[in-house]
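Novice: Just dropping this structure here.
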Ligand SMILES: Nc1ncnc2c1ncn2[C@@H]1O[C@H](COP(=O)(O)OP(=O)(O)OP(=O)(O)O)[C@@H](O)[C@H]1O
Ligand SMILES: [Mg+2]
């Protein structure tokens, strides 16, 4: 079943065309990995899905709702699409458990105790049960990002969007985050992941998209694209990343 | 005439009455100034072009003119212009409200804009409406950050009340002036007045420190 559908989507910032009539259909349970050179529009494509950026042409439908169909629907879409940011963006004044409980409490309107129960369950899932009372400033980058994933999961999204979730982390902290993401994929979560982690793309991705100048240049199976790239610019890009 | 501190106690009740008036003008003025300041600050940070412009004009007019001129305008010019007659105390309070409001607006705007946009996006991405993002995430963080500059402004406003001597409000400085005029005890009276001001500003500083400490460090 189609989860996210880009129909001739364009996005302009002023005169700058960042997405150029993109057509893309993402089905349930797909793990789509987005790669491409800096400025090719990967983040913008991701941010259009939950309306953090508004599309300027075409239509984008998430779980049957268009991002153009008004604020109420947009909030609905955002509740079905959890987002994980490069810079974690945890609420600095709240502890790990309060960060995770925030969505259930204030978005879903659940009781405090029920929200905390969900938070504990998810912190346990990302391996941080014992850190629940810690402030973000008291956690390592890898731990913060795992809390951020738990926070996004807490509103029970149908899709998870990741924008370079490991780019701000020291190399030795990346794997713990990638492991959590892999487990999520194995549980059948639909995921769209912007990343430079080619091992993740190969092992976890079900689909790889190479973007260039606001367009999808190559779209295929990770194995094939990575082992035997035919597109010369993809080939060039991969040489630079690895 | 030699300095004689023993004359001070007999004037304390009178000075305390003046201090009370100073506190009253400051408290009411700052309460109003906070309301105006938060509204104007929000207009500056989040308002459309028109709201932003209105707030900007207000802030620049107030910041660009001395408070003495502002209160003189309220007390002497307004009756002529609009035949609105106000008593000195009301003029003093309104002057603090509009004056502090302008500076507080800039503090509010600056604090709101100093909060990382990523936090706002994190809130929006969860599906929170914008007002909730402001009320639950950005607002509290900005408030914490605005306490030191607000404290500074509160102290400035408290001391600014002494300028209302020009329209004859019986606050602390005016009271000191009146006592002085009757006995010429400049050293004793002005020292007493200064100490009372120090106690007032010191208490304010202490209170703000306490609030700051009680809120979680970022
Ligand atoms: N808010 C904005 N205003 C103006 N231009 C923007 C804005 N956001 C992005 N852009 C521009 O859009 C283009 C695509 O940006 P985007 O962030 O989507 O690229 P990206 O593929 O994610 O790059 P990177 O790998 O560096 O993160 C860039 O040229 C960028 O400068
Ligand atoms: Mg990017």
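Novice: Do you know which residues across segment A:45-73 are away from ligand 2 (no atom under 16 Å from the Cβ), within 9 Å of another protein chain (Cβ to nearest Cβ) and modelled with pLDDT of 95 or more?
Specialist: A:51
Novice: Can you pull out the residues in segment A:11-22 that are surrounded by fewer than 19 Cβ atoms within 10 Å (Cβ to Cβ), under 24 Å from residue A:237 (Cα atoms) and in contact (Cβ under 8 Å) with a residue 24 or more places away in the chain?
Specialist: Residues satisfying the conditions are A:17, A:20, A:21.
Novice: Please specify each residue of segment A:24-44 satisfying the condition of being at positive phi and either away from ligand 2 (no atom under 16 Å from the Cβ) or surrounded by 19 or more Cβ atoms within 10 Å (Cβ to Cβ) (or both).
Specialist: Going through segment A:24-44, the residues at positive phi turn out to be A:29, A:36, A:39, A:41.
Once the filter is applied, which keeps residues that are at positive phi and either away from ligand 2 (no atom under 16 Å from the Cβ) or surrounded by 19 or more Cβ atoms within 10 Å (Cβ to Cβ) (or both), segment A:24-44 yields A:29, A:36, A:41.
Novice: Could I ask something else about it? Exactly one of these conditions fails for residue A:146: (1) more than 14 Å from every other protein chain (Cβ to nearest Cβ); (2) within 16 Å of ligand 1 (Cβ to nearest atom); (3) out of contact with any strand residue (DSSP E or B) (no Cβ under 8 Å at 6 or more places or on another chain). Give me its number.
Specialist: Unmet condition: (2).
Novice: Going by the conditions given, is residue A:229 away from ligand 1 (no atom under 15 Å from the Cβ) and within 20 Å of the chain's Cα centre (by Cα)?
Specialist: Spelling it out, it is not the case that residue A:229 is away from ligand 1 (no atom under 15 Å from the Cβ) and within 20 Å of the chain's Cα centre (by Cα).
Novice: Also, I was wondering about something else. Failed condition for residue A:166, given (1) modelled with pLDDT under 95; (2) farther than 24 Å from residue A:23 by Cα; (3) surrounded by 22 or more Cβ atoms within 10 Å (Cβ to Cβ), with all others met?
Specialist: (1)
Novice: Failed condition for residue A:79, given (1) away from ligand 1 (no atom under 16 Å from the Cβ); (2) away from chain B (no Cβ under 14 Å), with all others met?
Specialist: (2)
Novice: If you don't mind, another one. Restricting the search to segment A:155-175, which residues are closer than 19 Å to residue A:52 by Cβ and more than 16 Å from ligand 1 (Cβ to nearest atom)?
Specialist: If the condition is that a residue be closer than 19 Å to residue A:52 by Cβ and more than 16 Å from ligand 1 (Cβ to nearest atom), then A:155, A:157, A:158, A:159, A:160 are the ones that fit.
Novice: Could you go through segment A:63-71 and let me know if any residue there is part of a helix (DSSP H, G or I) and either touching a helix residue (DSSP H, G or I) at 6+ places or on another chain (Cβ under 8 Å) or surrounded by fewer than 18 Cβ atoms within 10 Å (Cβ to Cβ) (or both).
Specialist: yes
Novice: Being buried (at least 16 other Cβ atoms within 10 Å of the Cβ) and either more than 26 Å from residue A:205 (Cα to Cα) or away from ligand 2 (no atom under 16 Å from the Cβ) (or both) is the requirement here; does residue A:112 meet it? Before you say what the answer is, go through the steps one by one.
Specialist: Values: buried (at least 16 other Cβ atoms within 10 Å of the Cβ): no; either more than 26 Å from residue A:205 (Cα to Cα) or away from ligand 2 (no atom under 16 Å from the Cβ) (or both): yes.
Here the answer is no, as residue A:112 does not meet what is asked.
Novice: When segment A:34-62 is examined, which residues are found to be in a loop (DSSP other than H, G, I, E, B) and more than 9 Å from ligand 1 (Cβ to nearest atom)? Lay out the reasoning, then the answer.
Specialist: The first filter runs over segment A:34-62 and keeps only residues in a loop (DSSP other than H, G, I, E, B), leaving A:36-41, A:50-56.
A:50, A:51, A:52, A:54, A:55, A:56, listed by residue number.
The values are calculated or read from the model by the stated rules, or taken from the named source; none is laboratory data. On a predicted model such as this, the values are computed, not experimentally measured, just so you know. Don't worry about glycine lacking a Cβ; one is built from the backbone with ideal geometry, like all the others, and counts go over all protein chains shown.
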